[in-house]
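Undergrad: Before we start, here is the structure in question, set down as structure tokens.
The values are calculated or read from the model by the stated rules, or taken from the named source; none is laboratory data. None of the values given here were measured: they were computed from a predicted structure. Glycine gets a Cβ as well: all are built from the backbone with ideal geometry, and neighbour counts include every protein chain shown.
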Amino acid sequence: MLILSLSMGAFAQKYITKTGYIRFYSAGEIEKIEAINRQVNAAFDQSTGDLVFKVLMKSFVFEKALMQDHFNENYVESDKYPNATFAGKVVNMKDISFGKDGVYNITVQGKLTIKGVAKDVKQTGTFEVKDGKILGKAKFNILLSDYSISIPSAVSRNISNNVEITVDIVLDKVNN
Amino acid sequence: MKTWLKILIGLAVLGITAAVLVYVFVYNKPHPDYEKLEAAFSLSPQELYSAYTGNKVDSQKKYNGQLIELTGALNKIETADSLVIAVFVFNQGMFGDEGVRCTMLPKYNQVAQTLQPGGTIKIKGYCTGFNDTDVILEQCSLVK
């Protein structure tokens, strides 16, 4: 629906990727847990500032198979909630010169939905305009408890409730 | 040696052995070897894509998290950083080509890049789901 609603708009110029990178990093007291997803869909509409992400939860790869199993089965329940999504806007579009190569600070505001729980978020990042592409980067933290992901007390020292999310995407221009 | 001491040492050895076994086989268990495992389903890329686009909820229950073998005509090979992706295309949408995208295991990257569009291939991979544009298979291997 998010993508459909974006696609129904009149595009001056849109940019997409199907191989976006998202990293999840938890620095617990006992161990560090990292998972990487390199199959993230993202789309950006230059005319409106609309920015959407669609993330398949089962595409996150952990170093340890057991952690991946627990992530999918116990924490994000990926059979029940297969996707995480973000739908929002770059709110400072006037600060970006898409015709001029350079790195621009961006502020993104919208709804992040994980495990069926939608939360308003506002984060900063960068857009690098380079050779007709947009390289988007952001690093921010979320609280697992905000998304109904509870950590059993037995492993509370292994997994931090405060998780760092790193986003790295290369958006290619699509000509309509 | 006193009997109670023998029992204590025996229990300690048993405990340490159990802890090592749990660490090796449970905590540190390896990821499944998707290349060697037998596929749960064997169908064409078109059938898999049509299943998800026709009934997403049922297909998620049936195919998500399963090892799937596909036989069909390849449309293209894409590369992105270290990824090599075999793509079967069945539709056009806002994300361009839509269909089934199969990310190869690194050991197949080189051979996958020699595959010719239009040729029929048999490929096996772990299905992570449908993102409203494509069905995604990961850890893919070419089946002879």
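Undergrad: Could you tell me whether A:L143 is surrounded by 14 or more Cβ atoms within 10 Å (Cβ to Cβ) and within 20 Å of the chain's Cα centre (by Cα)? Outline the logic, then answer.
TA: On the way: surrounded by 14 or more Cβ atoms within 10 Å (Cβ to Cβ): no; within 20 Å of the chain's Cα centre (by Cα): yes.
The answer is no for A:L143.
Undergrad: Looking only at the range A:45-91, filter to residues that are among the polar types (S, T, N, Q) and more than 9 Å from every other protein chain (Cβ to nearest Cβ); which one of those is nearest to B:H31 (Cα to Cα)? Spell out how you get there, then give the answer.
TA: Residues of the range A:45-91 among the polar types (S, T, N, Q): A:46-48, A:59, A:68, A:72, A:74, A:78, A:83, A:85.
Those still in the list that are more than 9 Å from every other protein chain (Cβ to nearest Cβ) too: A:46-48, A:74, A:85.
Values: A:Q46: 41, A:S47: 44, A:T48: 43, A:N74: 18, A:T85: 27 Å.
Residue satisfying both the conditions and the ranking: A:N74.
Undergrad: Scan the range A:144-158 and give yes if some residue there is at pLDDT 95 or above and within 15 Å of A:F53 (Cα to Cα), otherwise no.
TA: No, every residue in the range A:144-158 fails to be at pLDDT 95 or above and within 15 Å of A:F53 (Cα to Cα).
Undergrad: Only one of (1) touching a strand residue (DSSP E or B) at 6+ places or on another chain (Cβ under 6 Å); (2) facing chain A (nearest Cβ under 9 Å) fails for B:Y27. Which number is that?
TA: So the condition that B:Y27 fails would be (1).
Undergrad: Take the residues in the range A:98-129 that are assigned to a loop (DSSP other than H, G, I, E, B) and on the phi > 0 side of the Ramachandran plot; name whichever of them is surrounded by the fewest Cβ atoms within 10 Å (Cβ to Cβ). Reasoning before the result, please.
TA: Quick first cut of the range A:98-129, residues assigned to a loop (DSSP other than H, G, I, E, B) only: A:98-101, A:115-116.
Of the ones still in play, those that are also on the phi > 0 side of the Ramachandran plot are A:115-116.
On the way: A:K115: 16, A:G116: 13.
This residue is A:G116.
Undergrad: Another question, then. Tell me whether the range B:131-140 contains one or more residues that are over 19 Å from B:E47 (Cα atoms), in a strand (DSSP E or B) and not small (G, A, S).
TA: Yes, there is a match, as at least one residue in the range B:131-140 is over 19 Å from B:E47 (Cα atoms), in a strand (DSSP E or B) and not small (G, A, S).
Undergrad: Okay, moving on. Kindly list the number of the only condition in (1) surrounded by fewer than 20 Cβ atoms within 10 Å (Cβ to Cβ); (2) farther than 21 Å from A:Y21 by Cα that fails for A:I149.
TA: For A:I149, the failing item is (1).
Undergrad: Just to be sure I understand, how many residues within the range B:32-65 are among the polar types (S, T, N, Q) and over 16 Å from B:D134 (Cα atoms)? Give the steps one after another, and end with the answer.
TA: Residues of the range B:32-65 that are among the polar types (S, T, N, Q), as a first pass: B:42, B:44, B:46, B:50, B:53, B:55, B:59-60, B:64.
Checking the rest, the ones that are also over 16 Å from B:D134 (Cα atoms) come to B:42.
So the answer is 1.
Undergrad: Which residues, taken from the range A:62-97, are buried (at least 17 other Cβ atoms within 10 Å of the Cβ) and among the hydrophobic types (A, V, I, L, M, F, W, C)?
TA: Correct list: A:F62, A:M67, A:F71, A:V76, A:A84, A:F86, A:A87, A:V90, A:I96.
Undergrad: Scan the range B:92-130 residue by residue and report those that are in a strand (DSSP E or B) and loosely packed, with under 12 Cβ neighbours inside 10 Å. Can you show your working first?
TA: If we filter the range B:92-130 for residues that are in a strand (DSSP E or B), which is where we start, we get B:92-93, B:96-104, B:120-130.
Correct list: B:Q92, B:T120.
Undergrad: Next question, about the same structure. Go through the range B:95-107 and count every residue that is in contact (Cβ under 8 Å) with a residue 12 or more places away in the chain and within 25 Å of A:F44 (Cβ to Cβ).
TA: Within the range B:95-107, residues that are in contact (Cβ under 8 Å) with a residue 12 or more places away in the chain and within 25 Å of A:F44 (Cβ to Cβ) number 7.
Undergrad: Here is a further query. Tell me which of these B:Q110 doesn't satisfy, since it passes every other one: (1) in contact (Cβ under 8 Å) with a residue 40 or more places away in the chain; (2) away from chain A (no Cβ under 14 Å); (3) under 19 Å from the mean Cα position of the chain (by Cα).
TA: (1)
Undergrad: Separate question: Please work out which residue is nearest to A:Y81 (Cα to Cα), limiting yourself to the range A:112-157 and to residues that are of a type in the set (K, R) and touching a helix residue (DSSP H, G or I) at 6+ places or on another chain (Cβ under 9 Å).
TA: We begin by selecting, within the range A:112-157, every residue of a type in the set (K, R); these are A:115, A:119, A:122, A:130, A:133, A:137, A:139, A:157.
Checking the rest, the ones that are also touching a helix residue (DSSP H, G or I) at 6+ places or on another chain (Cβ under 9 Å) come to A:115, A:119.
On the way: A:K115: 5, A:K119: 15 Å.
Restricting to residues being of a type in the set (K, R) and touching a helix residue (DSSP H, G or I) at 6+ places or on another chain (Cβ under 9 Å), the top hit is A:K115.
Undergrad: Now a separate question. Can you tell me which residue among B:L21, B:L70, B:L48, B:L11 is under 18 Å from the mean Cα position of the chain (by Cα) and not in a strand (DSSP E or B)? Working first, answer last.
TA: Numbers: B:L21 fails: under 18 Å from the mean Cα position of the chain (by Cα); B:L70 fails: not in a strand (DSSP E or B); B:L11 fails: under 18 Å from the mean Cα position of the chain (by Cα).
B:L48 is the lone residue from the list that is under 18 Å from the mean Cα position of the chain (by Cα) and not in a strand (DSSP E or B).
Undergrad: Give the residue, chosen from B:A18, B:A39, that is touching a Lys or Arg at 6+ places or on another chain (Cβ under 7 Å) and either surrounded by 11 or more Cβ atoms within 10 Å (Cβ to Cβ) or at negative phi (or both). It would help to see each step written out before you state the result.
TA: Details: B:A18 fails: touching a Lys or Arg at 6+ places or on another chain (Cβ under 7 Å).
Result: B:A39 is the single residue among B:A18, B:A39 that is touching a Lys or Arg at 6+ places or on another chain (Cβ under 7 Å) and either surrounded by 11 or more Cβ atoms within 10 Å (Cβ to Cβ) or at negative phi (or both).
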